[in-house]
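**Student:** After the structure tokens below, expect a handful of questions from me.
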Amino acid sequence: MTPPTLNRRISTLERQLVRAQQRLAELKRRRPSELVSDYELAGPRGAVRLSALFHGKKDLIVIHNMGRQCRYCTMWADGFNGLRAHLADRAGFVVVSPDPVRVQQRFAKSRGWEFLFYSGHGGTFIKDMGFLPKPDEPWPGVSTFRRRGRKIYRIARAGFGPFDPFCPVWPLFALLHRGVGNWVPQYKYR
């Protein structure tokens, strides 16, 4: 295949992928929204209700993080830390993990995270949202919510994993000479 032909094929496929991602997001938003409880989570200043996490906005983004035991979730959270101000301008933005508050706050401080972090430890929020598929095995992802009066509706959800649209590391590494290879994120690098 000649370079111009290959370049055209690449450009075509890139445009198709962008359109497919846009259609997928639209379909996720079209699912019937589900009414959810005003869950209670734990924070550094005590119990807080899901409704308080909107911070005056109509929309809320909740990142379901597996906690300090997961290097992948740590990498995603590192990225969200840099996007925090942009995300919080449009919607409430918080990260929730199953770690107890004291453990999670210590870990967040060690990473330099500045976003709001809450614990679902001891409650049913993580399980009810579908991010605890097996006992004691949380799964990472995101839920978006909309507040209508006093009612809270979940609008969409998505899981996290390599090559998802929520972490730029994978597609950047995919462009390297040998692609991603067997690379895995670490807590610290040399």
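Read-outs throughout are calculated quantities, based only on the coordinates presented, and are distinct from any laboratory measurement. All values reported here derive from a predicted model rather than from experimental measurement. So basically every Cβ, Gly included, is an ideal-geometry build from the backbone, and we count neighbours across all protein chains shown.
**Student:** When the chain is modelled as a GNM with alpha-carbon springs shorter than 10 Å, which of Pro98, Pro138, Pro162 fluctuates the most?
**Tutor:** Result for the chain, Cα springs under 10 Å: Pro162 fluctuates most.
**Student:** Express the relative contact order of the chain as a whole percentage, based on alpha carbon pairs under 8 Å and six or more residues apart in sequence.
**Tutor:** 24 percent
**Student:** Follow-up question, since we're still on this one. Specify the inter-centroid distance of segment 1-52 and segment 64-122, based on alpha-carbon positions, in whole Å.
**Tutor:** If you average the Cα positions of each part, the centres end up 19 Å apart.
**Student:** Moving to a separate point now. Could you pull out every one of the aspartates and glutamates with an alpha carbon less than 17 Å from that of Lys28, ignoring same-chain neighbours closer than 8 positions?
**Tutor:** Asp59, Asp164
**Student:** Check each of the chymotrypsin sites (Phe, Trp or Tyr not before Pro) in segment 87-190 and keep only those in coil by DSSP with at most 14 other C-beta atoms within 10 angstrom; list them in order.
**Tutor:** When the chymotrypsin sites (Phe, Trp or Tyr not before Pro) of segment 87-190 are filtered for loop state and at most 14 Cβ neighbours within 10 Å, Phe163, Trp183, Tyr187, Tyr189 remain.
**Student:** While we're looking at this one, here's another question. Taking H placed 1.01 Å from N in the peptide plane, check which residues at least 5 places from Tyr118 or on another chain put their amide H under 5 Å from its amide H.
**Tutor:** Correct list: Val95, Val96, Ser97.
**Student:** What Cys residues in the chain are without a partner cysteine, judged by a Cβ distance under 4.7 Å?
**Tutor:** Cys167
**Student:** Report, for the chain, the % of DSSP beta bridges that are antiparallel, rounded to 5.
**Tutor:** 70 percent
**Student:** Trypsin sites (Lys or Arg not before Pro) within segment 120-171: which are DSSP loop residues with at most 12 other Cβ atoms inside 10 Å?
**Tutor:** Hits after loop and neighbour filter: Arg150.
**Student:** Which residue, Val101, Val180, Val18, tops the fluctuation ranking in a GNM of the chain built on C-alpha contacts under 10 Å?
**Tutor:** Its mean-square fluctuation being the largest, the pick is Val18.
**Student:** Dividing the alpha-carbon radius of gyration of segment 28-174 by 2.2 N^0.38 Å (N being the number of residues), what value is obtained?
**Tutor:** Its radius of gyration relative to the 2.2 N^0.38 Å reference: 0.99.
**Student:** Can I ask one more? Connecting C-alpha atoms closer than 10 Å in a GNM of the chain, tell me which of Thr12, Thr144, Thr124 has the biggest fluctuation.
**Tutor:** Highest fluctuation of the listed residues: Thr12.
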